[in-house]
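Undergrad: The structure that follows is given in the form of structure tokens.
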Amino acid sequence: MIEFFNVTKQYKNGTSALSNINIQINKGDFVFLVGPSGAGKSTFIKLLLKELEPTEGRIIIDEMDTTNLSRRKIPMLRRKMGFVFQDFRLLQNKTVFENVAFAMEIIEASPKEIRRQVPTILSMVSLSDKANMYPDQLSGGEQQRVSIARAIVNSPSVLIADEPTGNLDPDTAWEIMKLIKQINRRGTTVVMATHAKEIVDMMQQRVIALEGGRIVRDDKKGVYGYED
Ligand SMILES: Nc1ncnc2c1ncn2[C@@H]1O[C@H](COP(=O)(O)OP(=O)(O)OP(=O)(O)O)[C@@H](O)[C@H]1O
């Protein structure tokens, strides 16, 4: 489902952020990506999102080689993936409903599909009663639930999360993790970069650890393994 073959990423200034990464993530996996600051986690995620191109190697997503993808095919690749970030990245001038609907408008879903699908997803993230609110009227946890709703509304095969609990208090962080796990149980692959030691240790999922741009651990039921 996601495969990295000998992937290396060197930035223009010569910094080697990832060196010769080989990894396979299967459909339905739940993977934590951990490692100290500067280990290469964000670079890994940016390569998945195709925000960056690898210097060497190939990245395959759902049998699609993303390396030499024509510009025309990038939207098709992005549709396979939903993204969640630490800082939510919601559109402040749109309501909860409109933020989620916007993700469907981008892929040219019909108004009828949008009217049907958005309430279903808002109910799944327990935000039906906040559909007409604006992001600044919501708590941090609620805003993150909107961003998760937006990420999954087009039924992606992979949910990619970069430090999704970083701005949340511990109880709210756990709520978000339960939601992400629930999405995973429904068959969506999850790749989550995080510094949240407690969450990684409790959840007992696959842990891939990066250090200095290399994979130093890949455990089926792993632990965080660092003192931050
Ligand atoms: N645009 C860039 N240009 C040059 N070097 C960069 C760039 N972005 C990141 N780096 C370097 O690449 C290495 C990996 O950075 P990356 O952001 O992937 O680490 P990270 O594991 O996500 O760290 P953090 O946990 O702090 O977010 C670091 O040495 C970093 O300084």
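A short reminder: the numbers here are calculations on the coordinates, not readings from a lab. From a predicted model like this one, the values you see are computed outputs, not experimental measurements. Counting neighbours? That spans all protein chains shown, and the Cβs are built from the backbone with ideal geometry, glycine included.
Undergrad: What percent does the relative contact order of the chain come to when contacts are Cα pairs within less than 8 Å and at least six residues apart?
TA: 28
Undergrad: Residue by residue through the stretch 187-192, what is 3J(HN,Hα) from phi via Karplus (6.51 cos²θ - 1.76 cosθ + 1.60, θ = phi - 60°)? Round to whole Hz and write x for glycine and proline.
TA: Values per residue, Gly and Pro as x: x, 7, 5, 10, 10, 10 Hz.
Undergrad: With each pseudo-label sitting 7 Å past Cα toward Cβ, what's the TYR226-LEU49 distance in nm, one decimal?
TA: A separation of 1.9 nm, rounded to one decimal place.
Undergrad: Sort 141-148, 194-201, 70-77 for me by packing, meaning the mean count of neighbouring Cβ atoms within 10 Å per residue, highest on top.
TA: Ranking, from highest mean packing down: 141-148, 194-201, 70-77.
Undergrad: Rank-order 5-16, 172-183 by packing density, defined as the average count of other C-beta atoms within 10 Å over each peptide's residues, highest first.
TA: Highest to lowest by the protection proxy: 172-183, 5-16.
Undergrad: Full extension from ASN22 to ARG78: what is 0.36 nm times the residue separation minus their Cα-Cα distance, to one decimal in nm?
TA: 18.0 nm
Undergrad: Need one number: nm distance between label points at ARG186 and GLU105, each 7 Å from Cα along Cα→Cβ, rounded to one decimal.
TA: The answer from the label model is 2.3 nm.
Undergrad: In degrees, nearest 10, range 0 to 90: what is the angle between the Cα axis of helix 170-185 and the longest Cα principal axis of the chain?
TA: Value to nearest ten degrees: 80.
Undergrad: Which whole-number percentage describes the relative contact order of the stretch 55-150, with Cα contacts under 8 Å and a sequence gap of 6 or more?
TA: Dividing the mean separation by the residue count of the stretch 55-150 yields 33 percent.
Undergrad: Here's a follow-up. Among PRO135, PRO164, PRO111, which one shows the highest mean-square fluctuation when the chain is modelled as a Gaussian network with alpha-carbon springs under 10 Å?
TA: Answer for the Gaussian network model of the chain: PRO111.
Undergrad: Can you tell me the length gained on complete extension of the stretch SER37 to ARG116, counting 0.36 nm per residue apart and subtracting the Cα distance?
TA: 24.2 nm
Undergrad: Right, here's the next one. Using only Cα atoms and rounding to the nearest 10 degrees, what angle (0 to 90) does helix 111-124 make with the longest principal axis of the chain?
TA: 70
Undergrad: Taking the Cβ-Cβ separation of ASP171 and LYS197 as r and a Förster radius of 22 Å, what is the calculated FRET efficiency to the nearest 0.05?
TA: 0.85
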